[in-house]
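Heads up: the structure comes next, in structure tokens.
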Amino acid sequence: MIDYTATPFSYSEIVPQETAEDICESLQVAVHGEMDDFVFYTPAGKKLTLERLHTLTYTDVEWNSEAQDYVEVENSIEAEGYVSAFIVDAPLQDTEFMLSGDQFAKWFGIDQQSVIAIYSAVHVEQHALAESDSEEEGVISGTTIKGQAPLNVTFSAMASPATDFTTWYLYVDPEDKQKYLYRTEETVDYTFETSGTFQVKMVASNNVCSDSVIFSVTITESSLECPNFFSPRSTPGENDLFRVAYKSIIKFHGRIMNRWGVTLFEWDDPEEGWDGTYNGKPVNPGVYFYLISATGSDGEEYALKGDINLLE
């Protein structure tokens with residue numbers, strides 16, 4: 001038999017170690033108090049020990065990739081015997097640590113001992129999302145972005161609760177890391193108009209800890225080609241438009257003329273094209289002419305002219 005009340009047990013306090021060197025990654029929660037083990041002897045005289053069970057609980061957040069947000073989680077750590085400290089992952093949010101024990105009090109129907117400590121988080125964790133309105137499939141894969149100019153990308157920062165500062169560095173020259181745009185908004189829009197591979201770095205920080213995410217953005221070199229025929233009426237749904245094939249064209253102007261030099265169609269968006277009509281009416285099959293000027297993301301200047309056969 002053991003007299004529970006004869007063995008002193010009490011917690012005086014728990015103290016999160018704010019000065020720990022690795023406070024941005026882990027946290028030491030020191031335990032102060034009396035917690036002697038129970039000692040008893042077998043009929044044969046062998047000394048045995050019953051160790052007390054201590055439970056540290058606290059609420060934190062963790063990143064949920066499906067929800068693209070931080071969600072709360074309940075954490076619980078148990079330790080037996082004499083405990084001088086718990087080592088835990090540094091919480092991402094302000095939280096309340098509660099240490100309670102022991103199991104014998106619970107068994108005997110006695111209130112368990114407990115102490116509480118309030119902790120202000122400094123650990124920073126950063127996630128970021130890139131989205132584009134480009135119609136080109138597969139432009140973005142994680143932190144790798146590929147596409148043709150002009151490519152507009154929206155970068156969104158999703159930092160953990162202890163973040164005080166959000167800073168974006170958009171390196172606008174692939175050859176010079178000293179040239180960058182500095183932004184402090186959580187969401188940043190930027191249009192890439194020059195070919196090459198760029199970096200976009202997001203830094204989340206406070207006065208103690210920081211974390212970062214780096215995106216790689218590759219813009220393809222330009223190209224521009226014109227077809228030599230189209231059939232807007234005889235093959236519905238196929239080859240209906242005279243339209244250029246292009247990559248990374250940032251400026252464009254095109255003009256379609258008949259043999260007498262009359263302009264039948266003009267357009268400034270390379271995604272558009274001529275449907276073979278003039279003033280809303282179909283033109284006759286035959287040969288027409290195009291003049292196209294354009295500028296590529298790599299500085300290439302295009303001046304294309306030629307004939308186009310409109311087939312019935």
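The values are calculated or read from the model by the stated rules, or taken from the named source; none is laboratory data. Note that the coordinates shown come from a computational prediction; the quantities given were computed from them, not determined experimentally. FYI the Cβ positions are ideal-geometry reconstructions off the backbone, even for glycines, and counts take in every protein chain you see.
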Cβ-Cβ distance below 7 Å, separation of 6 or more or different chains: which pairs start in segment 105-116 with a residue that is at pLDDT below 80 and end on one that is surrounded by 12 or more Cβ atoms within 10 Å (Cβ to Cβ) and among the aromatic types (Phe, Trp, Tyr)?
PHE108/TYR4
Return a yes/no flag: does segment 24-32 have any residue that is out of contact with any strand residue (DSSP E or B) (no Cβ under 7 Å at 6 or more places or on another chain) and not in a strand (DSSP E or B).
yes
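Does segment 51-62 include one or more residues that are exposed (fewer than 12 other Cβ atoms within 10 Å of the Cβ) and either free of Cβ contacts under 8 Å to residues at least 40 places away in the same chain or of a type in the set (Val, Ile, Thr) (or both)?
Here is the first cut: in segment 51-62, the residues exposed (fewer than 12 other Cβ atoms within 10 Å of the Cβ) are none.
Within segment 51-62 (the criterion being exposed (fewer than 12 other Cβ atoms within 10 Å of the Cβ) and either free of Cβ contacts under 8 Å to residues at least 40 places away in the same chain or of a type in the set (Val, Ile, Thr) (or both)), the answer is no, since none of the residues qualifies.
Residues are listed down the side, and each one gets a yes or a no for (1) surrounded by fewer than 15 Cβ atoms within 10 Å (Cβ to Cβ); (2) at pLDDT below 95; (3) outside the structural domain of LEU291 (by TED's automatic domain parsing); (4) assigned to a loop (DSSP other than H, G, I, E, B):
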position: ALA204; (1), (2), (3), (4): no, no, yes, no
position: SER234; (1), (2), (3), (4): yes, yes, no, yes
position: ASP240; (1), (2), (3), (4): no, yes, no, yes
position: GLY261; (1), (2), (3), (4): yes, yes, no, yes
position: GLU266; (1), (2), (3), (4): yes, no, no, no
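Please tell me if TYR278 is under 12 Å from VAL244 (Cβ atoms) and aromatic (Phe, Trp, Tyr).
Working: under 12 Å from VAL244 (Cβ atoms): no; aromatic (Phe, Trp, Tyr): yes.
Considered against the rule, which asks whether it is under 12 Å from VAL244 (Cβ atoms) and aromatic (Phe, Trp, Tyr), TYR278 comes out as no.
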Taking segment 56-73 and keeping residues over 17 Å from SER160 (Cβ atoms) and at pLDDT 95 or above leaves LEU56, THR57
Out of the residues in segment 1-23 that are closer than 21 Å to MET98 by Cα and of a type in the set (A, V, I, L, M, F, W, C), state the one that is modelled with the lowest pLDDT.
ALA20
Hey, could you check segment 63-84 for residues that are under 20 Å from GLN103 (Cβ atoms) and not charged (D, E, K, R) and say which is surrounded by the most Cβ atoms within 10 Å (Cβ to Cβ)?
VAL83
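Under 47 Å from the mean Cα position of the chain (by Cα), crowded, with 16+ Cβ neighbours inside 10 Å and either assigned by TED's automatic domain parsing to the domain that holds PRO150 or of a type in the set (D, E, K, R) (or both) - does that describe any residue in segment 283-300?
yes
Quick one: which of THR191, THR166 is in a strand (DSSP E or B), outside the structural domain of THR95 (by TED's automatic domain parsing) and without any contact (Cβ under 8 Å) to a residue 40 or more places away in the chain? If you could, list the steps in order and put the result at the bottom.
Working: THR191 fails: without any contact (Cβ under 8 Å) to a residue 40 or more places away in the chain.
Of the residues listed, the single one that is in a strand (DSSP E or B), outside the structural domain of THR95 (by TED's automatic domain parsing) and without any contact (Cβ under 8 Å) to a residue 40 or more places away in the chain is THR166.
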